[in-house]
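Please read the structure below before turning to the comments.
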Amino acid sequence: MAGSPPTTASRIRAGVLYQLAGSPVDTPEMRAVMAAHLADPNLDIRIEAAAGLALRGDERGLPVLDGIRRGIKNHWSPGAGRLADIGSMLRARARSAG
């Protein structure tokens, strides 16, 4: 489930998606960009795209995060730390909203 090895371009895309995921800005165009990366072969890109959507309450993000989570074997697996961080953010938002 690790996906393709990172290249300079994929690292840049992952970094941009990471920034977008954490941004308070929410537009249909941003969500479209994130959704377009949900099936990217690079794990980091998929995680950040799904996180950005899930953190905005967009139903397309959680199934992708859940699928990635199922592929993680242990806390040393690629993406495990970031998924844990995203899970914490989603739980915090749910508590503050409820």
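The values are calculated or read from the model by the stated rules, or taken from the named source; none is laboratory data. Note that the coordinates shown come from a computational prediction; the quantities given were computed from them, not determined experimentally. With ideal geometry, Cβ positions are generated from the backbone for all residues, glycine too; neighbour counts draw on all protein chains shown.
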Return yes or no: is SER10 in a loop (DSSP other than H, G, I, E, B) and either hydroxyl-bearing (Ser, Thr, Tyr) or in contact with a Pro (Cβ under 6 Å, 6 or more places away or on another chain) (or both)?
no
Out of the residues in the range 66-79 meeting the condition of being among the small types (Gly, Ala, Ser) and surrounded by 15 or more Cβ atoms within 10 Å (Cβ to Cβ), tell me which one is farthest from GLY52 (Cα to Cα).
SER77
Does ALA32 fit the bill of being in a helix (DSSP H, G or I) and at pLDDT below 95?
no
Does GLY61 satisfy the criteria of being farther than 24 Å from THR8 by Cα, buried (at least 18 other Cβ atoms within 10 Å of the Cβ), among the small types (Gly, Ala, Ser) and within 12 Å of the chain's Cα centre (by Cα)?
yes
Among (1) more than 14 Å from the chain's Cα centre (by Cα); (2) at pLDDT below 95; (3) of a type outside the set (S, T, N, Q), the one test that ASP26 misses
(2)
Is there a residue being in contact with an Asp or Glu (Cβ under 9 Å, 6 or more places away or on another chain), within 20 Å of GLY81 (Cβ to Cβ), crowded, with 22+ Cβ neighbours inside 10 Å and not small (Gly, Ala, Ser) anywhere in the range 48-56?
yes
May I ask you to list pairs of residues, at least six apart or on different chains, whose Cβ atoms are under 8 Å apart, with the first in the range 36-48 being touching a residue at least 12 places away in the same chain (Cβ under 8 Å) and the second being in a loop (DSSP other than H, G, I, E, B) and charged (D, E, K, R)?
LEU38/ARG60; ARG46/ASP40
